[in-house]
Ligand SMILES: NC(=O)C1=CN([C@@H]2O[C@H](COP(=O)(O)OP(=O)(O)OC[C@H]3O[C@@H](n4cnc5c(N)ncnc54)[C@H](O)[C@@H]3O)[C@@H](O)[C@H]2O)C=CC1
Ligand SMILES: O=C(O)C(=O)CO
């Protein structure tokens, strides 16, 4: 069986091993693949693995031997799963491998904004503390998390784990989720989406990117938020209308945003969030801890093994 990894570099830049994958077939690992290189590289492959290379219906039609697409991520919005299902192609994802790392990044952004860690550290390095009249200084609002309301959009693995950490900080936790009240622990209260945006001090996005969730954060929802509110996004960039968010930040409509994902990655130089006020951006690394990538590699291999054994697991084309 021919196996092609289209963009293996992000998951394994060299510190992990593809050897267990290579024993499963005639396997080629490409570090990166441009859209116009997909067909040539995947020609004759029964299985392709992709992290962020888009696979659409047209490409599936041009790859008649393709039977399996293993997404090297939890979010599988890069694959047209409806087209795959229609063509009998099995698509799998990697659930839950980075749950703890993502919750950690959510709070890295929240804590950085709440205490302005980087800003104050930079000011100290510039010598401002050395020349200060008092034993301390701060020049931004500093915010305690206890009793603050956090609103989670989506309560799957990363949403739920973020809720657990938030409870640890003594926060009040609310979620927009299809789960019933009976399935929720008593510390997590269910809320409608618009109410979540108007009531909560911090909103954090934990849903997949779908046609329904595309730009769920837009000018109308941002207008519901409090001027002191913070928006966190570790989900997918297109969950947010970025120009609307940049306007809201620049006009003090909301206080700050911490985002790990953008609508185009890498971003265009004119992405309005790159220069927006109080907008903190990490380059899609919530998942990228060594521990999480190690789990990802193992699960990618076991997913392919399960497919070869005729009992595919983590199938998203149901
Ligand atoms: N920044 C990063 O490094 C990472 C980003 N992600 C992104 O985060 C997303 C969530 O990851 P997990 O929590 O692990 O996925 P998950 O599949 O465990 O949870 C997603 C939850 O969202 C819910 N959902 C679906 N549509 C919804 C809607 N319209 N409104 C509210 N909730 C909705 C689902 O029912 C599910 O409970 C992934 O789809 C991916 O896009 C995931 C891992 C790493
Ligand atoms: O696993 C995911 O969904 C990620 O965003 C990392 O690629």
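Bear in mind that the values in this text are calculations on the coordinates, not laboratory data. Predicted, not measured: the structure shown is a model, and the values here were computed from it. As a convention, Cβ positions derive from the backbone with ideal geometry for all residues, glycine included, and neighbour counts pool all protein chains shown.
Tabulated data for the structure shown
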| quantity | calculated |
| --- | --- |
| Potential extension, residue 226-residue 43 segment - 0.36 nm per residue separation minus Cα distance | 60.6 nm |
| Evaluated at q = 0.06, 0.07, 0.08, 0.10 Å⁻¹: base-10 log I(q)/I(0), Debye formula over Cα of the chain | -0.24, -0.32, -0.42, -0.64 |
| Percent RCO, i.e. relative contact order, over segment 82-211, from Cα pairs under 8 Å lying at least 6 residues apart | 24 |
| Rounded Å value of the spacing that divides the Cα centres of segment 301-318 and segment 194-226 | 34 |
| Anisotropy class of segment 1-42 from Cα gyration tensor, a/c 1.5 cut | oblate |
| Percentage relative contact order, the chain, counting C-alpha pairs under 8 Å, at least six apart | 17 |
| Highest-MSF residue in the chain out of 192, 58, 46 [GNM, Cα springs under 10 Å] | 58 |
| Highest-fluctuation residue, 33, 74, 99 considered, GNM on the chain with Cα pairs under 10 Å | 33 |
| At q = 0.12, 0.16, 0.19 Å⁻¹, base-10 log of I(q)/I(0) for segment 91-207 (Debye sum, equal scatterers on each alpha carbon) | -0.53, -0.78, -0.97 |
| Most mobile of 132, 36, 251 in a GNM of the chain (Cα contacts under 10 Å) | 132 |
| Folded to 0 to 90 degrees: helix 99-115 orientation relative to the chain principal axis, Cα | 20 |
| Degrees separating the helix 157-168 axis from the principal Cα axis of the chain, which is the longest one | 30 |
| Tilt relative to the chain, helix 290-308 - C-alpha long axis, 0 to 90 degrees, to 10 | 30 |
| Intensity falloff of segment 99-281 expressed as log10 I(q)/I(0), Debye formula with alpha-carbon point scatterers, at q = 0.08, 0.15 Å⁻¹ | -0.26, -0.86 |
| C-alpha center-to-center spacing [segment 108-156, segment 1-35] in angstrom | 41 |
| Computed label-point distance, nm, for sites residue 126 and residue 181 using a 7 Å Cα→Cβ extension | 5.1 |
| Distance (nanometres) between label positions extended 7 Å along Cα→Cβ at residue 192 and residue 133 | 5.2 |
| Estimated 222 nm signal from helices in the chain, with DSSP H stretches of n ≥ 4 weighted -39500 (n - 2.57), rounded to 500 | -9000 deg cm²/dmol |
| Cα centroid of segment 244-284 to Cα centroid of segment 40-80, whole Å | 30 |
| Relative contact order (%) - criterion: Cα under 8 Å, at least six apart; region: segment 126-281 | 17 |
